[in-house]
Amino acid sequence: MVIDCHTHMVRYESFTPGYRRFLENYRPDYFGAFMGRYDNPANVDAMLEAAGVECAVVMAEPTPLTTGMASTEYVVDFCRRSRRLIPFASFDPFLTPNLPEELERAVKELGCRGLKLYPSYQYFAPNDAKLYPLYAKAQELDIPVTFHTGSSVFPGARLKWADPLLLDDLATDFPRLRVLMAHGGRPFWYDRAAFLARLHPNFYLELSGLPPRKLLTYFPELERIADKTLFATDWPALPTDIDQNIADFSALPLSDRAKRLILEENARRVLQL
């Protein structure tokens, strides 16, 4: 079975005009039949089951300046009505009065299994000491933290905050914190993300939003770092369905061991499933 470490809600509480155009470019029927179908948790479960996906992480996304609003509570409510979806919390660092307290509530009361942060959408440096109490709480709770790294095409995104190198300080200051580098630093910093995954025991390359057929071009040493890499799609914001994404990855000239690690075993360990 496959574990997808990065998906999103089909319907947000609100969308920015730029994100709406982005989604419609991928799927002309996004705000019609597609959303009507997958706004139902049972239909998401059925789609994942047919694709061979045991479970999928759903990211909260409180980023009203770039994509829209999908609050932690909103995502948790949807996931609770599903058999295969795992919620990750997210907070705006500038609008949340007590980040450690909110994270603890999200994990212990709402059932979130991790945290997602969007430095380039929410305008903060991930190594800013103001965020350190949040990371300390995540380390204490023993949950992974996924960071958006690399490019975004939405109006309002500020790419300078998405450099994976800004995460390097966390490896020293929070050595037990599991850090997942979403999108692998695309496209400017593939090499940095891969090196950090190799260098730091608790850093992982996460493949969301990347076409599987190109992965060995982006990461020539993917076989070597298979034990530090996590399969992820970024669904629904991708031009293919999840089953095709899995098929394209499975066709890569990697060893069976590397494929098992990336598709399932690493995620099972990192997410503590």
Positions within the stretch 78-104 being among the hydrophobic types (A, V, I, L, M, F, W, C) and either farther than 19 Å from residue 67 by Cα or part of a helix (DSSP H, G or I) (or both), in sequence order: 78, 79, 85, 86, 99, 103
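Would it be correct to say that residue 194 is crowded, with 19+ Cβ neighbours inside 10 Å and in contact with a His (Cβ under 9 Å, 6 or more places away or on another chain)? Give the derivation first.
Numbers: crowded, with 19+ Cβ neighbours inside 10 Å: yes; in contact with a His (Cβ under 9 Å, 6 or more places away or on another chain): no.
Criteria not met by residue 194.
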Selection within the stretch 125-163 - surrounded by fewer than 21 Cβ atoms within 10 Å (Cβ to Cβ), more than 25 Å from residue 108 (Cβ to Cβ), among the hydroxyl-bearing types (Ser, Thr, Tyr) and modelled with pLDDT of 95 or more: none
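Scanning the stretch 214-260 for residues that are aromatic (Phe, Trp, Tyr) and assigned to a helix (DSSP H, G or I), which turns out nearest to residue 54 (Cα to Cα)? Steps first, please.
Filtering the stretch 214-260 down to residues aromatic (Phe, Trp, Tyr) leaves 218-219, 231, 235, 249.
With the extra rule that they be assigned to a helix (DSSP H, G or I), the set shrinks to 218, 249.
Numbers: 218: 27, 249: 17 Å.
Here the answer is 249.
Which of the following residues is more than 26 Å from residue 268 (Cα to Cα) and assigned to a loop (DSSP other than H, G, I, E, B): 65, 23? It would help to see each step written out before you state the result.
Details: 23 fails: assigned to a loop (DSSP other than H, G, I, E, B).
Only one candidate qualifies: 65.
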All positions within the stretch 17-34 that are over 20 Å from the mean Cα position of the chain (by Cα) and hydroxyl-bearing (Ser, Thr, Tyr): 30
Total residues in the stretch 88-110, condition β-branched (Val, Ile, Thr) and modelled with pLDDT under 95: 1
Subset of the stretch 228-259 that is within 24 Å of residue 195 (Cα to Cα) and of a type in the set (D, E, K, R) - its residue that is surrounded by the most Cβ atoms within 10 Å (Cβ to Cβ): 228
Qualifying helices (runs of 4 or more DSSP H) (wholly inside the stretch 132-207; at least 1 residues being among the basic types (Lys, Arg), in contact (Cβ under 8 Å) with a residue 12 or more places away in the chain and out of contact with any Ser or Thr (no Cβ under 9 Å at 6 or more places or on another chain)): 132-141, 190-199
Extreme residue, surrounded by the most Cβ atoms within 10 Å (Cβ to Cβ), among residues of the stretch 199-212 that are touching a strand residue (DSSP E or B) at 6+ places or on another chain (Cβ under 9 Å) and more than 24 Å from residue 251 (Cβ to Cβ): 203
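When you check residue 166 against the structure, is it surrounded by fewer than 21 Cβ atoms within 10 Å (Cβ to Cβ), closer than 21 Å to residue 6 by Cβ, modelled with pLDDT of 95 or more and of a type outside the set (Asp, Glu), yes or no?
Judged against the criteria, residue 166 is a match.
Give 75, 107, 57 a once-over and let me know the one that is under 13 Å from residue 9 (Cβ atoms), within 18 Å of the chain's Cα centre (by Cα) and assigned to a helix (DSSP H, G or I).
Working: 107 fails: under 13 Å from residue 9 (Cβ atoms); 57 fails: assigned to a helix (DSSP H, G or I).
After ruling out the rest, the residue left standing is 75.
It is to be established whether one or more residues within the stretch 220-235 are touching a residue at least 60 places away in the same chain (Cβ under 8 Å), touching a Lys or Arg at 6+ places or on another chain (Cβ under 8 Å) and within 21 Å of residue 262 (Cα to Cα).
Start the filter on the stretch 220-235 by keeping residues that are touching a residue at least 60 places away in the same chain (Cβ under 8 Å), which leaves 230-235.
Filter again for touching a Lys or Arg at 6+ places or on another chain (Cβ under 8 Å), leaving none.
Looking for residues that are touching a residue at least 60 places away in the same chain (Cβ under 8 Å), touching a Lys or Arg at 6+ places or on another chain (Cβ under 8 Å) and within 21 Å of residue 262 (Cα to Cα), one finds none in the stretch 220-235, hence no.
The values are calculated or read from the model by the stated rules, or taken from the named source; none is laboratory data. Being a predicted model, the structure only gives us computed values, none of them experimental. Cβ coordinates were reconstructed from backbone atoms using ideal geometry, including for glycine residues, and neighbour counts include every protein chain displayed.
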